[in-house]
1. If you filter segment 176-260 for trypsin sites (Lys or Arg not before Pro), then keep DSSP loop positions with at most 16 other Cβ within 10 Å, what is left?
2. Label segment 253-373 by shape, choosing from rounded, prolate and oblate, from the square roots a ≥ b ≥ c of the eigenvalues of the Cα gyration tensor; if a/c is under 1.5 it is rounded, and otherwise prolate applies when a/b is larger than b/c, oblate when it is not.
3. Assuming R0 = 56 Å, what is the FRET efficiency of Asn29 and Thr207, from their Cβ-Cβ distance, to the nearest 0.05?
4. Could you tell me the distance between the Cα centroids of segment 169-231 and segment 235-296, to the nearest Å?
5. Using a Gaussian network model of the chain with C-alpha springs under 10 Å, which one of Gln103, Gln50, Gln166 is most mobile by mean-square fluctuation?
6. Normalised radius of gyration for segment 184-340, please: alpha carbon Rg relative to 2.2 N^0.38 Å, two decimal places.
7. Using 1/(1 + (r/R0)^6) with R0 = 35 angstrom and r between the beta carbons of Ser11 and Ser221, what's the FRET efficiency to the nearest 0.05?
8. Measuring from label point to label point, each 7 Å out along Cα→Cβ, what is the Arg353 to Thr237 span in nm?
Amino acid sequence: MEANIPKSEASLLAWTVDWLSERLPESWNLELRVESPEGPERADGRIFLQAGAFTASIAVEARRSLTPREAENLLPRLAQVLHSMTGNAPVLVVAPWLSARTQELLAQQGINYIDRTGNALIKLDSPAVYIETVGSSRNPAPPERGKVRLRGAKAGRLLRVLIDVQPPYVLKELSEATGLAPGYVSRLLDALDREALIERMPRGPVTAVDVVGLLRGWAASYDVFRTNRLATFIASTSWSRLLDRIAADPGVRSQIVITGSVAATRLAPVAAPAMLLAYSSEPERIAEELGLLPADEGANVGFLVPFDPVVGAGTTGEAGLRFAAPSQVAVDCLTGNGRMPAEGEAVLEWMSRSEPQWRGSELGSWAQRWARV
């Protein structure tokens, strides 16, 4: 093998051949050829695969690291060049580690991938090959630079506005709408841009948001029953009577924002709710007024003390009741138990096809719709 590329990439290429050889039939032949440098948009190497009468040439791109933004913006152009050079040959990306978001974006582009922790997706038509394995979800050698995580009240507040309001908007507007420091907003926007979860002009406004991607990213570090303080109770009456009592009492209904299964059912019914889940800053007092009994087991009512006032943003009223915004309902259900994750998926589907019904167009109006919980 000629040393035409840096040693780290060359070792990745050699490792890839070994990895594939261990998983393909022994009678199949694999040959690696390292490419001569002819420009920035070249393949680092090619793997020639022979299986009886079938042969395949796989263009291999070796990377020491690959961010989601690079996967979205750089590799599609590279793949187009490689396809034109090799007669639409499949492309394989190999790296020490690929995040779940990077894997998702590569798969969407029809690009095969392998990382050294075992995350892999290989699809070939001729010869027919399908390999999919799962490796590490965490980078075993993370970069030294700090990374803003989608965790905590501040992140949740900014994510809610990005999801709930249609861009464009600039950093100053986001800072004013959320009450967050411009420096924090800037760092989180940079992190979201690297993850290809938002589109942002250089030093300019946010122009697009991946709503589903943001909600899934938020759900990875959020837990409806842990991020918020949960108090559980038993109601001796039926669902309809309990909701009627809440709607009929102005002092109670103004202190409750319904989320979870009951709220999800309004948007995308999956099954009859098993628990009434609602936000309330004073759960014990509200429970006493409704005649609910505290219960650690067998509870059918749960009150959540909000992790942040943002849970009251974008609420909607119906039949005297207040319901949380679809974005809050979605992340609450996705991180719940029982049937709740399935209900969260149904809400995501509803949000994707019904965006004009729930997404606002002005930051100012969103900020004014915060309701006390």
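1. Listed in order of number, the matching sites are Arg203.
2. Working: a/c = 2.12, a/b = 1.24, b/c = 1.72.
Oblate, since a/c reaches 1.5 and b/c is not below a/b.
3. About 0.70, to the nearest 0.05.
4. 30
5. Gln50
6. Compared with the compact-globule rule of thumb, segment 184-340 sits at 1.16.
7. Working: r = 34 Å, r/R0 = 0.96.
That gives a FRET efficiency of 0.55.
8. For the pair Arg353/Thr237, the computed spacing is 3.6 nm.
The values are calculated or read from the model by the stated rules, or taken from the named source; none is laboratory data. Computed from a predicted model, the values in this text were never measured in an experiment. Here Cβ is always computed from backbone atoms with ideal geometry, including for glycine, and neighbour counts include all displayed protein chains. What goes into the accessible areas is simple: the full protein's heavy atoms, side chains included, and nothing from ligands, DNA or RNA. Shrake-Rupley method; radii C 1.70, N 1.55, O 1.52, S 1.80 Å.
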